[in-house]
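Colleague: Structure below; questions to follow.
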Amino acid sequence: MTDHQQTTLDDLFAPAPGAGGETEAIVAEARTLFARLDALPENKRIDTVNRLRLALREHSPLKDQPVDCVVWVEADEVAGNAYNPNHVADPEMELLGLSIRQDGYTQPIVAWPVEGTGGSRYEVVDGFHRHLVGRTNPEVRTAVRGRLPLSIIGSDRTGKPDRMAATIRHNRARGEHAPAKMADIVIELARLRRTDEWIGEHLGMDPDEVTRLRTTTGIAEQFKNRAYSQAWEADISAPDPEFGRRDAAS
């Protein structure tokens with residue numbers, strides 16, 4: 001192969017000569033079946049390919065990894081979330097839009113299946129800004145046929161605390177999080193009856209960090225649900241000996 005010839009994925013994953021008889025037979029049989037896809041309308045073809053990917057995943061040794069199966073979902077069925085602590089400035093958002101226009105989606109959006117969110121079937125866990133570009137950028141939306149690439153996680157864990165924790169884990173793993181918003185997340189999880197130990201474990205925080213983030217919202221919030229005892233009482237029966245002197249001198 002010369003420098004001017006393009007290397008394809010088929011080239012990269014081709015079996016060694018004489019070593020791929022069974023593999024080649026399976027692939028050839030699949031290609032014959034897949035040829036029927038070309039006769040389908042575009043939207044139905046996308047939906048069919050999604051079903052094929054889901055069926056193929058069941059036979060993959062890596063099926064427990066969400067990225068092993070990326071499906072294209074109607075953008076209007078995917079909702080953002082209200083608890084992402086990250087903010088991307090306008091220049092970076094413009095660059096993200098340019099990147100997706102020029103290079104396409106190279107990373108899927110991570111989402112959960114949900115119910116009761118205004119008709120949406122999925123909620124974004126990670127990739128909120130990639131999701132936003134796909135929904136609002138006309139050029140990108142046209143290129144992806146009004147769809148978004150989803151890697152779907154946690155179909156068995158759809159509680160809000162789990163979704164919030166997953167979002168924070170993704171952000172913190174990349175070193176992206178805003179402390180002020182993180183404090184709001186910690187307080188919200190506490191209101192959802194998650195203990196400090198649960199918060200620390202699922203958000204990757206040590207106990208001191210959980211405590212610090214709680215205190216940023218104020219002392220009243222920090223101690224709102226804690227019982228306390230009065231440590232001392234003032235004795236107001238005896239007059240302050242200094243009080244009369246100060247009063248007299250005024």
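The values are calculated or read from the model by the stated rules, or taken from the named source; none is laboratory data. Given the structure is predicted, the values throughout are model-derived calculations rather than measurements. As a convention, Cβ positions derive from the backbone with ideal geometry for all residues, glycine included, and neighbour counts pool all protein chains shown. The protein model used for the area step is the full one, side chains on, heavy atoms only, and it has no ligands, DNA or RNA in it. Shrake-Rupley method; radii C 1.70, N 1.55, O 1.52, S 1.80 Å.
Colleague: Filtering region 146-156 down to residues that are within 21 Å of Lys44 (Cα to Cα) and at pLDDT below 95, which residue is least open to solvent (accessible area, probe 1.4 Å)?
Modeller: The initial filter retains those residues of region 146-156 that are within 21 Å of Lys44 (Cα to Cα), namely 146-152.
Add one more test, that the residue is at pLDDT below 95, and what stays is 151-152.
Working: Ser151: 6, Ile152: 53 Å².
Checking each candidate, the answer is Ser151.
Colleague: On to the next question. How many of the residues in region 123-145 are in a loop (DSSP other than H, G, I, E, B), surrounded by 16 or more Cβ atoms within 10 Å (Cβ to Cβ) and touching a residue at least 24 places away in the same chain (Cβ under 8 Å)? Walk me through it before giving the result.
Modeller: First, pick out the residues of region 123-145 that are in a loop (DSSP other than H, G, I, E, B): 127, 137, 144-145.
Still in the list and also surrounded by 16 or more Cβ atoms within 10 Å (Cβ to Cβ): 127, 137, 144.
Subset that is touching a residue at least 24 places away in the same chain (Cβ under 8 Å): 137, 144.
Total satisfying the criteria: 2.
Colleague: Look at Glu58 and say whether it is charged (D, E, K, R), touching a His at 6+ places or on another chain (Cβ under 9 Å) and without any contact (Cβ under 8 Å) to a residue 12 or more places away in the chain.
Modeller: no
Colleague: Limited to region 72-97, what total is found for residues that are hydrophobic (A, V, I, L, M, F, W, C), open to solvent by 50 Å² or more (accessible area, probe 1.4 Å) and modelled with pLDDT under 90?
Modeller: Within region 72-97, residues that are hydrophobic (A, V, I, L, M, F, W, C), open to solvent by 50 Å² or more (accessible area, probe 1.4 Å) and modelled with pLDDT under 90 number 2.
Colleague: Give me the helices (runs of 4 or more DSSP H) completely within region 1-68, filtered to those with at least 3 residues that are closer than 27 Å to Ala143 by Cα and at pLDDT 95 or above, ordered by residue number.
Modeller: 42-57
Colleague: Cβ-Cβ below 8 Å, separation at least six or inter-chain, first residue in region 26-50 and in contact (Cβ under 8 Å) with a residue 24 or more places away in the chain, second of a type in the set (Val, Ile, Thr) and open to solvent by less than 80 Å² (accessible area, probe 1.4 Å): which pairs?
Modeller: none
Colleague: Select from region 45-71 the residues that are touching a Leu at 6+ places or on another chain (Cβ under 8 Å), of a type in the set (A, V, I, L, M, F, W, C) and either open to solvent by 70 Å² or more (accessible area, probe 1.4 Å) or over 19 Å from Val124 (Cα atoms) (or both) and list them in ascending order.
Modeller: Hit for region 45-71 is Val49, nothing else.
Colleague: While we're on this one: Can you tell me which residue is surrounded by the most Cβ atoms within 10 Å (Cβ to Cβ) among those in region 189-202 that are modelled with pLDDT of 70 or more, outside any loop (DSSP other than H, G, I, E, B) and of a type outside the set (Val, Ile, Thr)?
Modeller: Initial filter on region 189-202 (modelled with pLDDT of 70 or more): 189-201.
Next cut, outside any loop (DSSP other than H, G, I, E, B) only: 189-191, 196-201.
Keeping just the survivors that are of a type outside the set (Val, Ile, Thr) gives 189-191, 196-198, 200-201.
Values: Leu189: 23, Ala190: 20, Arg191: 11, Asp196: 15, Glu197: 10, Trp198: 16, Gly200: 18, Glu201: 12.
Checking each candidate, the answer is Leu189.
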